[in-house]
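These notes concern the structure reproduced below.
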Amino acid sequence: DTGVSQDPRHKITKRGQNVTFRCDPISEHNRLYWYRQTLGQGPEFLTYFQNEAQLEKSRLLSDRFSAERPKGSFSTLEIQRTEQGDSAMYLCASSPGASGRRYEQYFGPGTRLTVT
Amino acid sequence: AQSVTQLDSQVPVFEEAPVELRCNYSSSVSVYLFWYVQYPNQGLQLLLKYLSGSTLVKGINGFEAEFNKSQTSFHLRKPSVHISDTAEYFCAVRFSQGAQKLVFGQGTRLTINP
């Protein structure tokens, strides 16, 4: 159990550019979540996958945001035409589907995005 | 509306003193409750959770929390804090068994002074 990993840890981009983040969940965790955390705030839910199916999306996830989990393992979060308001920490979490710990979410270290 | 409120944005405490971090939620459905800790430049680590059963739950690092249904609260406590407890603490709620997302409070910055 190596934990949830995210790549890159930091990303600086210019406004208008596209960025993509990757999340590798704990192996055999079939549920995967993306959250966004701005400075001084708690994380806010963006989207949730069960295996490869995206089952829930927040209204925070505008048309410029897209998330995929093509084989039910790693996931990517893409932001197109970045805006300064997209600057935040993007957190990924995973949880097992059916076990005593299925209600627990395990978080990665996050990707800090800065849009200049 | 379903919401989570952490009443204190910052809590300064002297080392070895007790501490209580407050969390209240608003919900008309059953809830699952969590406390997470976030150290600088790191992700969130689960401290403890309440799913059902005993309303007093114990977690890692000597922390405990008590679920009070009538007051819709889930306050976090530690009888004696250490410098290493300095971090941001988040209360999170899962509203109903069918919900998947966690709704977080705004966080409480715990600072331990020597």
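Let's see how each residue does on (1) closer than 21 Å to B:Q100 by Cα; (2) aromatic (F, W, Y):
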position: B:W35; (1), (2): yes, yes
position: B:P40; (1), (2): no, no
position: B:Q45; (1), (2): yes, no
position: B:S54; (1), (2): no, no
position: B:G59; (1), (2): no, no
position: B:E66; (1), (2): no, no
position: B:S70; (1), (2): no, no
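The residue that is nearest to A:Y35 (Cα to Cα), among those in the stretch B:49-85 that are without any contact (Cβ under 8 Å) to a residue 24 or more places away in the chain and within 12 Å of chain A (Cβ to nearest Cβ), is B:K49. Annotation: of all residues in the stretch A:48-67 being more than 9 Å from chain B (Cβ to nearest Cβ) and polar (S, T, N, Q), the one that is farthest from A:Q105 (Cα to Cα) is A:S62. Among strands (runs of 3 or more DSSP E) entirely within the stretch B:34-90, having at least 3 residues that are buried (at least 19 other Cβ atoms within 10 Å of the Cβ) singles out B:44-50, B:73-78. In this structure, is B:S26 farther than 27 Å from A:C23 by Cβ and within 11 Å of chain A (Cβ to nearest Cβ)? No; evaluated as a whole, the condition is false for this residue. Does the stretch A:16-28 contain any residue that is in contact with a helix residue (DSSP H, G or I) (Cβ under 8 Å, 6 or more places away or on another chain) and in contact (Cβ under 8 Å) with a residue 60 or more places away in the chain? No, every residue in the stretch A:16-28 fails to be in contact with a helix residue (DSSP H, G or I) (Cβ under 8 Å, 6 or more places away or on another chain) and in contact (Cβ under 8 Å) with a residue 60 or more places away in the chain. Of all residues in the stretch A:99-112, one or more are more than 21 Å from B:V103 (Cβ to Cβ), modelled with pLDDT of 95 or more and outside any loop (DSSP other than H, G, I, E, B). Filtered by the rule that a residue be touching a residue at least 60 places away in the same chain (Cβ under 8 Å) and either of a type in the set (S, T, N, Q) or more than 14 Å from chain A (Cβ to nearest Cβ) (or both), the stretch B:86-114 gives B:S96, B:Q97, B:Q106, B:T108, B:L110, B:T111, B:I112, B:N113, B:P114.
Exactly one residue out of A:G40, A:G16 is more than 14 Å from chain B (Cβ to nearest Cβ), more than 19 Å from A:E104 (Cα to Cα) and loosely packed, with under 14 Cβ neighbours inside 10 Å, and it is A:G16. I'd like the residue in the stretch A:91-116 that is within 11 Å of chain B (Cβ to nearest Cβ) and of a type in the set (S, T, Y) and, out of all such residues, is surrounded by the fewest Cβ atoms within 10 Å (Cβ to Cβ). My answer is A:Y103. Name the single residue, out of those in the stretch A:59-90 being hydroxyl-bearing (S, T, Y) and in contact (Cβ under 8 Å) with a residue 24 or more places away in the chain, that is surrounded by the most Cβ atoms within 10 Å (Cβ to Cβ). Filtering first and then ranking leaves A:S75.
Looking at A:L32, is it within 11 Å of chain B (Cβ to nearest Cβ), loosely packed, with under 14 Cβ neighbours inside 10 Å and of a type outside the set (K, R)?
Working: within 11 Å of chain B (Cβ to nearest Cβ): yes; loosely packed, with under 14 Cβ neighbours inside 10 Å: no; of a type outside the set (K, R): yes.
Against the criterion (within 11 Å of chain B (Cβ to nearest Cβ), loosely packed, with under 14 Cβ neighbours inside 10 Å and of a type outside the set (K, R)), A:L32 does not qualify.
Across the stretch B:1-23, the number of residues qualifying as within 11 Å of chain A (Cβ to nearest Cβ) and over 14 Å from the mean Cα position of the chain (by Cα) comes to 0. The set of residues in the stretch B:91-114 being under 19 Å from B:N24 (Cα atoms), in a strand (DSSP E or B) and of a type outside the set (G, A, S) consists of B:C91, B:V93, B:R94, B:F95, B:V103, B:F104, B:T108, B:R109, B:L110.
The values are calculated or read from the model by the stated rules, or taken from the named source; none is laboratory data. Note that the structure is a prediction, hence the values are computed from the model and not measured. Every residue, glycine among them, receives a Cβ derived from its backbone with ideal geometry; neighbour counts consider all protein chains shown.
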